[in-house]
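**Q** Structure in structure tokens, see below.
The values are calculated or read from the model by the stated rules, or taken from the named source; none is laboratory data. These figures come from a predicted structure and were not determined experimentally. Here the Cβ positions follow ideal geometry from the backbone for every residue, glycine too, while neighbour counts run over all protein chains shown. Side chains included, ligands, DNA and RNA excluded: accessible areas come from the protein's heavy atoms. Shrake-Rupley method; radii C 1.70, N 1.55, O 1.52, S 1.80 Å.
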Amino acid sequence: MDEKQKAFKRPPRKHTPKGLEILYEDRDIVVVEKINGLLTVGTEKVKENTAHFLVNEYVRKGNSKSKNRAYIVHRLDKDTSGILVFAKSEDVKDFLQKNWPDTRKQYAAVVSGQMKEKEGLVTSYLIENSVHRMYSVARSKEGKLSKTAYRVLKESAHFSLLEIDLLT
């Protein structure tokens, strides 16, 4: 088996984290698909039912004394499904986070109805409340600037498929 085949070999089912699908893994990173409803990182109330906890357990292969661990590169909101990248060392995490602003973050979304504008830019200011919910605010002093570009890919009478680029 060559190196490429080894990189794409699925991990043993015994240690695969429940609720996450491992899409890619090598010696430096683990890439998983997170389901909606699962936190990326823990809170005061939720410590174990998070993507980070599950990937960390997987990287440790069930051995809590293992020095192996997963490092958070970025987050997704609890109600968002999508791809998460975890680093297997602090050096890799630092490298990925340093270059994260230059990484294209793209989503597909199905929305109800048809869009009047077939492409555009949504600009708002986001703030996170005490229960880790994100919401928009009108004033820039309260929130963090958010720019999101969208483009309609396909429409039916009742739904639109959008390509969404997170620009900030």
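**Q** Of everything in the range 21-30 that's hydrophobic (A, V, I, L, M, F, W, C) and either in contact (Cβ under 8 Å) with a residue 60 or more places away in the chain or open to solvent by 20 Å² or more (accessible area, probe 1.4 Å) (or both), which residue is farthest from residue 61 (Cα to Cα)?
**A** 23
Okay, residues lined up against (1) more than 28 Å from residue 47 (Cβ to Cβ); (2) of a type in the set (A, V, I, L, M); (3) in contact with a strand residue (DSSP E or B) (Cβ under 8 Å, 6 or more places away or on another chain):
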residue	(1), (2), (3)
93	no, no, yes
101	yes, no, no
126	no, yes, yes
134	no, yes, yes
147	yes, no, yes
152	yes, yes, yes
160	yes, no, yes
166	no, yes, yes
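**Q** Sticking with this structure for a sec: Are any residues in the range 96-118 modelled with pLDDT of 95 or more and of a type in the set (Gly, Ala, Ser), and if so, which ones?
**A** Of everything in the range 96-118, those that are modelled with pLDDT of 95 or more and of a type in the set (Gly, Ala, Ser) turn out to be 112, 113.
**Q** Does the range 117-167 hold any residues that are hydroxyl-bearing (Ser, Thr, Tyr), in a loop (DSSP other than H, G, I, E, B) and open to solvent by less than 60 Å² (accessible area, probe 1.4 Å), and which are they?
**A** 156
**Q** While we're on this one: Do you know which residues across the range 71-113 are over 20 Å from residue 27 (Cα atoms), free of Cβ contacts under 8 Å to residues at least 40 places away in the same chain and not in a helix (DSSP H, G or I)?
**A** Of everything in the range 71-113, those that are over 20 Å from residue 27 (Cα atoms), free of Cβ contacts under 8 Å to residues at least 40 places away in the same chain and not in a helix (DSSP H, G or I) turn out to be 75, 103.
**Q** Against the conditions (1) part of a loop (DSSP other than H, G, I, E, B); (2) at pLDDT below 90, where does residue 5 fall short? Just the number, please.
**A** Of everything listed in (1) part of a loop (DSSP other than H, G, I, E, B); (2) at pLDDT below 90, residue 5 misses just condition (1).
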